[in-house]
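Okay, so here's the structure we're looking at.
The values are calculated or read from the model by the stated rules, or taken from the named source; none is laboratory data. Values in this document were obtained by computation on a predicted structure and should not be read as measured data. Please note: Cβ atoms are built from the backbone with ideal geometry, for glycine as well, and neighbour counts cover all protein chains shown. Just the protein is used for accessible areas: all its heavy atoms, side chains included, with ligands, DNA and RNA removed. Shrake-Rupley method; radii C 1.70, N 1.55, O 1.52, S 1.80 Å.
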Amino acid sequence: MTRIKTLLFDFGDIFLTLDKQATPQALKKLGLEHFSEEMLKQNQAYEVGAISTNEFIKFYQEQLPQHSEATLIKAWNAILVALPNSRLQFLQNLSATKKYQLILLSNTNNLHIEWIEANVKSYTDFKACFDAFYLSYEINFRKPNTNIYNFVLDQHQLQPQEVLFIDDTLENTEAAKKLGFNTWNLNPATEDITELFHKNQHLF
């Protein structure tokens, strides 16, 4: 059996607790009933750094002209909750063993990271645990597109069968599985990243 050498982690709902209904609910209170096809395209463009924060906010201000930039940003960031200390401790202990290469691969955007930098005191310590830290808006790729997984493989000269990829979105783990990755589609309602080795003991 091939030994796992690299652990590839998602960020949201793996380490950072999210409330995925909070942003749609906050925007609904501002008068936005649902995300249109055009909005979803803008959201994805922002997530891969194809448009700037100013362009992104301007787009939503055109949809909701009665609201301020600050109000829209607060609604957009409502999804973000906290980074539990138990998960940070687990990661720090894992990093200290030096047994695995640790890589983060997250679909995210500049506004979310700015909020995290301002509100999650342990973010610097969290980042320091990783050998590489890839955010979609910085590398211009997003999951579940094949090119983001190939980017990571190429950057680190990895064999996919030696990687365990952990993500809470099934679409993302399925895409990685097709490329030969080992995967754990973690369910944040019933599972926690601190159970990594217990839940995947067949791989270790």
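What to note about this one:
- Of residues in the stretch 164-202 being closer than 20 Å to ARG3 by Cα and among the small types (Gly, Ala, Ser), the one most open to solvent (accessible area, probe 1.4 Å): GLY180
- Test result for GLY49, open to solvent by less than 60 Å² (accessible area, probe 1.4 Å), assigned to a loop (DSSP other than H, G, I, E, B) and in contact with a helix residue (DSSP H, G or I) (Cβ under 8 Å, 6 or more places away or on another chain): yes
- Annotation note: Cβ proximity below 6 Å between a residue of the stretch 131-143 that is touching a residue at least 60 places away in the same chain (Cβ under 8 Å) and a residue that is of a type in the set (Phe, Trp, Tyr) and part of a helix (DSSP H, G or I) (sequence gap 6+ or interchain) occurs for PHE141/PHE151.
- Qualifying residue in the stretch 80-87 (condition: open to solvent by less than 60 Å² (accessible area, probe 1.4 Å) and either at pLDDT below 95 or farther than 30 Å from GLU162 by Cα (or both)): yes
- Within the stretch 88-98, tally of residues that are under 18 Å from HIS198 (Cβ atoms) and open to solvent by 30 Å² or more (accessible area, probe 1.4 Å): 4
- Hits in the stretch 156-202 (condition: within 20 Å of ARG87 (Cβ to Cβ), among the hydrophobic types (A, V, I, L, M, F, W, C) and assigned to a helix (DSSP H, G or I)): ILE193, LEU196, PHE197
- Some residue of the stretch 6-23 being modelled with pLDDT of 95 or more, surrounded by 14 or more Cβ atoms within 10 Å (Cβ to Cβ) and more than 23 Å from ILE116 (Cα to Cα): yes
- Just one residue in the set ASN93, ASN54 is closer than 20 Å to PHE11 by Cα, assigned to a helix (DSSP H, G or I) and at pLDDT 95 or above; that residue is ASN93.
- Any hit, the stretch 126-136, residues being surrounded by 16 or more Cβ atoms within 10 Å (Cβ to Cβ), more than 16 Å from LEU16 (Cβ to Cβ) and not polar (S, T, N, Q): no
- GLN161 vs. criteria open to solvent by 30 Å² or more (accessible area, probe 1.4 Å), touching a residue at least 12 places away in the same chain (Cβ under 8 Å) and of a type outside the set (A, V, I, L, M, F, W, C): yes
- Checked against (1) farther than 21 Å from LEU83 by Cβ; (2) over 17 Å from the mean Cα position of the chain (by Cα); (3) open to solvent by 60 Å² or more (accessible area, probe 1.4 Å), LEU153 passes all but a single condition, namely (3).
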